[in-house]
Structure formats: structure tokens, C-alpha cells
Amino acid sequence: MTTTLSTADRLAHEAGSYVRQTPPASKPQRTVLERFPAGAPRGSWPAEEFAAERRREGIPASVVLDIRSDDFLVIVEEAS
């Protein structure tokens, strides 16, 4: 048995069927301060040293790995 809904019933059904979500939070903007190749000599951490120097200067720098380029990036996140 097939039931045909009126246009008003169909629209009400569709409106009530969607899951409402809060809009996604905006992502912070990232500024790359410096790039370092991931293949540094053993025992050498140039990206971490550079980031530590920036933090001593009051710049909240952190290090992330960019897998596509195989580089360590020293970044600063800024609220957008």
C-alpha cells in the first residue's frame, strides 16, 4: 500500500527530519614563521630550538609536522 502525502505534510516531514547542528567553530588562522626539513641530524632539533627562542620573546610558537612536504613548521595560531 502506497501512501501519498500532501505537499504540506511532505514539507513538515522533511523539516522535522533534519538533524540541526550548531555551526562549526571557526578555525584559528595559522602563520608559519619558519620551515625545517624533518631529516635533521640525529640529536638536532632546530625547529624546537627556534620555537623555544620565539617563546622566550613572548611569541606563542609551536611546532607541527607538515606530512606533505616532510617539514617541521614553526607556527603561531591567531584567533580569526
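Angle check, please: helix 7-17 long axis (alpha carbons) against the longest principal axis of the chain (alpha carbons), in degrees 0 to 90, nearest 10. For 7-17 against the chain, the angle is about 30 degrees. Using the 1.4 Å probe convention, the accessible area of the chain works out to 85 Å² per residue with neighbouring protein chains retained.
When Cα extents along the principal axes in Å is computed from the coordinates, the matching label among (i) 36, 31, 22; (ii) 74, 29, 14; (iii) 28, 27, 20 is (ii). Over all other residues within a Cβ to Cβ distance under 13 Å of Leu65, the charged ones net out to -2, with Lys and Arg as +1 and Asp and Glu as -1.
Surface composition of the chain: carbon plus sulfur atoms contribute 54% of the solvent-accessible area (1.4 Å probe, protein chains only, all chains present). Using a Förster radius of 35 Å, what is the FRET efficiency between Leu65 and Ala15 based on their Cβ-Cβ separation? Nearest 0.05, please. The calculated FRET efficiency here is 0.20.
The values are calculated or read from the model by the stated rules, or taken from the named source; none is laboratory data. Just so it is clear, the structure is predicted and the values come from calculations on it, not from any experiment. Cβ sites come from the backbone with ideal geometry, for glycine too, and all protein chains shown count toward neighbours. Just so you know, the surface numbers come from the protein's heavy atoms only, side chains and all, with ligands and any DNA or RNA stripped out. Shrake-Rupley method; radii C 1.70, N 1.55, O 1.52, S 1.80 Å.
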